[in-house]
Amino acid sequence: MGRKTIKIDTEWYKVLEEEFSKHYFTELKSFLISEKKKNKQIYPPGNLIFNAFDSTPFSKVKVVIIGQDPYHGPDQAMGLSFSVPMGVKPPPSLKNIFKEIYEDTGIKPPNHGDLSKWASQGVFLLNAVLTVEYKKAGSHRNKGWEQFTDAAISKLSEYKENLVFLLWGNFARGKKELIDDSKHLILESPHPSPLARGGFFGNHHFSKTNEYLIKHKKSPINWDLNN
């Protein structure tokens, strides 16, 4: 599969190049084309499917936040885990993330849910599955995306040092086996969803992340999205 058919950040393309020619990825691409031909509404828009990769090139990654699959409501998914575009009301999980940041760091919750500012600082906002059908949560699971995003996590673990992986909920925790904890920090907690009944609160992941980055001579993340 040629470079021209995959519009993704050039650094990430080099890191993941072998994935694009594998059978599972060819099958995945065929599936997406087939769904489009059936006039199914797929989120996020095509130009944002690889937004996490485009927003945070491989060399810039410092923190990894793993989500499950994109939001399946209109105008919500933007290719960054947990993030919604400006003007879209933050979903419950994202509101809880902002609450924990406030309790942990004193940074007040923003009036929007666009996490692009985090991505530009090196927070790789990766969903395990990169597409979804309108109003059908999990509809594109087990189509190949997981193999692709697992490869991305594995490459980060292998080729980089002193990253922080934030694993929220059982699904994200399942990715732990891909990460070398002898050279990276893994922070785990329940999911920020209200369904986790508040288990997310008090994890102090945001201050702990910055403490680790500073300890390893990396610039901390400014979690403040208010300006």
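The values are calculated or read from the model by the stated rules, or taken from the named source; none is laboratory data. The structure displayed is predicted, hence computed values, not measured ones. A quick note on method: Cβ atoms are made from the backbone with ideal geometry, for glycine too, and the neighbour counts reach across all protein chains shown. Ligands, DNA and RNA are excluded from the accessible area calculation, which covers all protein heavy atoms including side chains. Shrake-Rupley method; radii C 1.70, N 1.55, O 1.52, S 1.80 Å.
Build a GNM of the chain with springs between Cα atoms under 10 Å apart, and of Ser30, Ser55, Ser83 the one that fluctuates most is Ser30.
Annotation: amide H-H contacts under 5 Å for Val64 (H modelled 1.01 Å from N, sequence separation of 5 or more, or interchain): Phe124, Val164, Phe165, Leu166.
Per-residue 3J(HN,Hα) values for the range 74-89, derived from phi via the Karplus relation 6.51 cos²θ - 1.76 cosθ + 1.60 with θ = phi - 60°, read x, 6, 8, 5, 9, x, 10, 4, 6, 8, 10, x, 3, x, 9, 4 Hz in sequence order (x marks Gly and Pro). The C-alpha atoms of the chain define a longest principal axis, and helix 10-20 lies at about 50 degrees to it. Every Cα-Cα pair in the range 74-158 was counted, and those over 21 Å apart are 39% of them. Across the chain, C-alpha contacts under 8 Å between residues 6 or more apart give a mean separation that, scaled by the residue count, equals a relative contact order of 23 percent. Only helical runs count toward this figure. For the chain, summing -39,500 (n - 2.57) over DSSP H runs of n ≥ 4 and dividing by all residues gives -10500 deg cm²/dmol at 222 nm. Normalising by residue count, the chain has a Cα convex hull of 119 Å³ per residue. Given a 1.4 Å probe and the protein chains as shown, Ser34 ends up with an accessible area of around 40 Å².
Per residue, how large is the accessible surface of the chain? Use a 1.4 angstrom probe and give square angstrom. The partial results should precede the final answer.
On the way: 10960 Å² over 227 residues.
With the other protein chains kept in place, the chain gives 48 Å² per residue.
Please check: in the Gaussian network model of the chain (C-alpha springs, under 10 Å), which one of Lys117, Lys36, Lys60 has the largest mean-square fluctuation. Fluctuation is largest for Lys36.
Residues whose amide H lies under 5 Å from that of Gly113, counting only those 5 or more places away or on a different chain, are Val84, Gly87, Val88; hydrogens are built 1.01 Å from N in the peptide plane. Helix 23-37 axis versus longest C-alpha principal axis of the chain: approximately 80°, rounded to the nearest ten. Only protein heavy atoms count here; on that basis, with a 1.4 Å probe, Ile49 has an accessible area of about 30 Å². When both the range 1-64 and the range 135-162 are represented by their alpha-carbon centers, they are found 11 Å apart.
Could you work out how much longer the chain between Ser219 and Glu11 gets when fully extended? Use 0.36 nm per residue separation minus the Cα distance between them, nm to one decimal.
Working: separation 208, 0.36 × 208 = 74.88 nm, distance 2.12 nm.
Full-extension gain reported as 72.8 nm.
Pairwise Cα separations in the range 154-195 fall into 10 Å bins from 0 onward with the following percentages, short to long: 31, 50, 16, 3.
Counting only protein heavy atoms and a 1.4 Å probe, tell me what percentage of the chain's accessible area is made up of carbon and sulfur. List each step's numbers first, then the result.
On the way: 5500 of 10960 Å².
Roughly 50 percent, rounded to a whole number.
According to the square roots a ≥ b ≥ c of the eigenvalues of the Cα gyration tensor, what is the shape class of the range 41-122, taking rounded for a/c under 1.5, prolate for a/b larger than b/c otherwise, and oblate for the remainder? Show your work: numbers first, answer last.
On the way: a/c = 2.07, a/b = 1.18, b/c = 1.75.
Oblate, because a/c is 1.5 or more while a/b does not exceed b/c.
How far, in degrees from 0 to 90, does helix 92-105 lean away from the longest principal axis of the Cα atoms of the chain, to the nearest 10? Around 30 degrees separate the two axes. The residue among Ser207, Trp168, Ala152 whose Cα reaches farthest toward the positive pole of the charge dipole of the range 151-214, with charges on the beta-carbon of Lys, Arg, Asp and Glu, is Trp168. Rounded to 0.05, the FRET efficiency of the Lys208 and Asn142 pair, given R0 = 45 Å and the Cβ-Cβ distance, is 0.85.
Checking every one of the chymotrypsin sites (Phe, Trp or Tyr not before Pro) in the range 80-135 against DSSP loop status and a limit of 16 other Cβ atoms within 10 Å picks out Tyr134.
If the range 142-225 were replaced by its equivalent ellipsoid, with semi-axes equal to the square roots of 5 times the Cα gyration tensor eigenvalues, what would those be, largest first, whole Å?
Sorted largest first and rounded, they come to 21, 20, 11 Å.
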